[in-house]
Each structure stands twice: as structure tokens, then as C-alpha cells.
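Worksheet: the structure to be examined is printed underneath.
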Amino acid sequence: MTYARKEQIGDAVLYLGDCLEVMPGLGKVDACITDPPYGMKWDGKVTVGPNGHRGRSQTRHFGVTIIGDEKPFDPEPFLQWPCVLWGFNHFPDRLYKGRCLVWLKRKETAFGSFLSDAEIAWCSVGHGVFCHLDQTLYGETQERAHPTQKPVGVMRWCIEQLPQADTILDPFMGSGTTGVACAKLGRRFIGIEIEERYFDIACKRIEDAYKQPDLFIERPAAPVQEAMAL
């Protein structure tokens with residue numbers, strides 16, 4: 001296992017590194033829930049307009065791109081566990097039959113959201129299509145720490161799709177939203193992030209989540225940092 005940093009915050013263990021280099025050394029994992037790079041070669045720009053009508057749209061440039069997004073996403077390394085993978089519509093030919101999760105991104109009653117009106121995830125367990133309406137994209141993530149950050153409610157919904165999974169892995173942790181949702185649900189969390197700026201944000205967000213836990217979650221131990229392991 002190779003990583004640059006490791007932090008433990010309560011029941012969350014966070015690694016700064018490449019997930020493909022970290023995963024072989026992980027212990028018990030019950031499920032993988034993640035929002036990976038889709039392979040869409042996103043240029044850092046988002047144009048928001050009603051139902052795709054560009055004439056009345058506004059474009060925002062985030063000034064960043066996503067590491068790994070320049071090449072097609074390969075889900076194979078993550079299919080060893082029950083999975084929820086966002087961006088399913090970008091790589092459907094690489095997955096088998098499963099359940100489809102749809103996050104409807106709406107502001108009041110008008111469509112026209114970040115990149116698209118909805119996002120689709122593939123769940124390896126079960127069948128059918130299920131939708132979740134979460135309007136906090138315009139509240140909680142108005143000043144998002146990561147350009148593709150999901151609301152906590154959306155990731156909590158994903159975790160609840162796999163009720164038997166106690167330890168959740170997010171190999172593309174970003175700003176740590178899956179870890180925050182795990183803290184709120186009392187699940188153990190393993191997060192991996194390749195960019196240090198987002199890793200630091202994730203550590204802070206998850207630590208804050210444990211400071212304001214649900215009633216059944218114990219207060220976490222202080223973060224412990226380990227030196228580089230090569």
C-alpha cells in the first residue's frame with residue numbers, strides 16, 4: 001500500500017494517494033459508494049440554463065478539471081464489492097444489470113441545474129429505477145468545496161441503499177461528502193483522495209460532522225497522522 005498521508009477521525013480512515021495503489025492494502029470493506037471521474041473530459045466550465053436552452057444560460061468557470069477525467073472510466077477494480085457508482089450513463093457498457101438511482105436536481109419548480117437536470121448512479125444490488133429529489137444543491141453546495149460535490153442528503157440516500165454495509169469505501173473521496181454521510185449514519189468510512197487540497201477539506205468536514213453527531217454516534221478520537229508509507 002502506497003500513500004502520502006493517513007488520517008483517522010472517529011470511525012473514518014482517510015488516505016491521501018492514488019486509490020489503485022491504496023486499495024490492495026485495505027482491510028474489510030462492505031461496499032463501495034463513489035462519484036468517480038466519468039471520462040467526459042470536463043473543461044471546468046458549467047453552463048446552467050432551463051432544460052438545456054443555451055440562449056438564457058449562464059456559464060461559470062471553476063478553473064479546475066478532474067484528475068483522470070481525460071480517459072474512459074474503468075469500473076472493474078471497484079466491482080469486487082457491492083457498489084453505487086455515479087455517472088453510470090457515461091460507462092453503461094462496462095456494467096451489468098443492476099438498479100438505477102436518479103438524483104433530480106431542481107431549484108423550486110424549474111429545471112436547469114449543474115451540468116444537467118439529473119444525475120444517474122448504478123447500484124449493483126437490486127433492480128428497477130428509483131429517484132431522489134434533493135434541492136440542497138442550491139443551498140448546501142452553493143459555495144461547493146469541490147466542483148462536482150454532491151449534497152450530503154444524496155450520499156446518505158446512496159448509503160441507505162445498502163443497509164447491510166457497515167464499512168463504506170469512497171475511492172474518489174473529493175471533499176468528503178460520503179464520509180460526512182457515514183458519520184451521520186453511524187457507518188465506518190474509508191476515503192481515498194489523490195489531491196491534497198481536497199483531502200484537507202475532507203478531513204475538516206468529516207471532523208466537523210463528528211463534532212455534531214446524531215445521538216447514537218459517539219464523539220470521535222482526535223485525528224492521528226501517520227508519516228508517508230512507501
Pick from the stretch 11-31, criterion more than 19 Å from the chain's Cα centre (by Cα) and part of a loop (DSSP other than H, G, I, E, B), ranking: farthest from Val125 (Cα to Cα):
Gly27
Might you check whether a residue that is modelled with pLDDT of 90 or more, closer than 17 Å to Cys182 by Cβ, out of contact with any Pro (no Cβ under 7 Å at 6 or more places or on another chain) and in a loop (DSSP other than H, G, I, E, B) occurs anywhere in the stretch 36-59?
no
Within the stretch 114-211, which strands (runs of 3 or more DSSP E) (wholly inside it) include 3 or more residues that are at pLDDT 95 or above?
118-123, 167-170, 188-193
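The values are calculated or read from the model by the stated rules, or taken from the named source; none is laboratory data. All of these numbers come straight from a predicted model, not from anything done at the bench. Ideal geometry is used to build each Cβ from the backbone, glycine not excepted, and the neighbour counts take in all protein chains shown.
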